[in-house]
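The values are calculated or read from the model by the stated rules, or taken from the named source; none is laboratory data. Small disclaimer: the values here were computed from a predicted structure and weren't measured. All Cβ positions, glycine included, derive from the backbone under ideal geometry; neighbour counts span all protein chains shown.
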Amino acid sequence: WKQDNHARHTTVCITNKNNTSQACVYCFQKLQHPKQLIQKQGGTRYRNMTDTFVCYNPDCPTAKNGHGVSARDETFALAIALSL
């Protein structure tokens with residue numbers, strides 16, 4: 001009976017999730033994946049770190065405070081929560 005009671009009084013919001021995790025929620029600039037330097041016997045190369053995002057905007061409040069790097073899932077959840 002509890003599931004039925006809660007199902008009747010639940011608010012559902014539909015949000016377009018296109019690019020929500022790829023835009024900074026503070027300055028709305030496009031986020032980028034940081035690059036990691038990989039050194040192997042054959043040489044060195046850069047690899048994208050796909051589980052984090054970096055805001056390179058120098059005017060962004062997070063970049064000014066030294067918190068420009070954020071996790072992908074954390075950024076996505078915050079963007080969805082702010083859009084409601």
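Checked against the criteria, Pro34 does not count as over 15 Å from the mean Cα position of the chain (by Cα), surrounded by 10 or more Cβ atoms within 10 Å (Cβ to Cβ) and modelled with pLDDT of 80 or more. Among the numbered conditions (1) at pLDDT below 85; (2) farther than 27 Å from Phe76 by Cα, the only one that Thr10 does not meet is (2). For the range 64-84, the tally of residues that are over 15 Å from His33 (Cα atoms) and surrounded by 14 or more Cβ atoms within 10 Å (Cβ to Cβ) stands at 3. Beta carbons closer than 6 Å, at least 6 apart along the sequence or on distinct chains, never pair a first residue in the range 56-68 that is over 12 Å from Tyr26 (Cα atoms) with a second that is surrounded by 13 or more Cβ atoms within 10 Å (Cβ to Cβ) and not acidic (Asp, Glu).
Within the range 32-52, residues that are assigned to a loop (DSSP other than H, G, I, E, B) sit with their Cβ atoms under 9 Å from residues that are of a type in the set (A, V, I, L, M), at 6+ positions apart or across chains, in these pairs: His33/Met49; His33/Val54; Pro34/Met49; Pro34/Val54; Pro34/Val69; Asp51/Ala71.
If the condition is being polar (S, T, N, Q) and over 13 Å from Lys30 (Cα atoms), then the range 71-84 contributes only Ser83.
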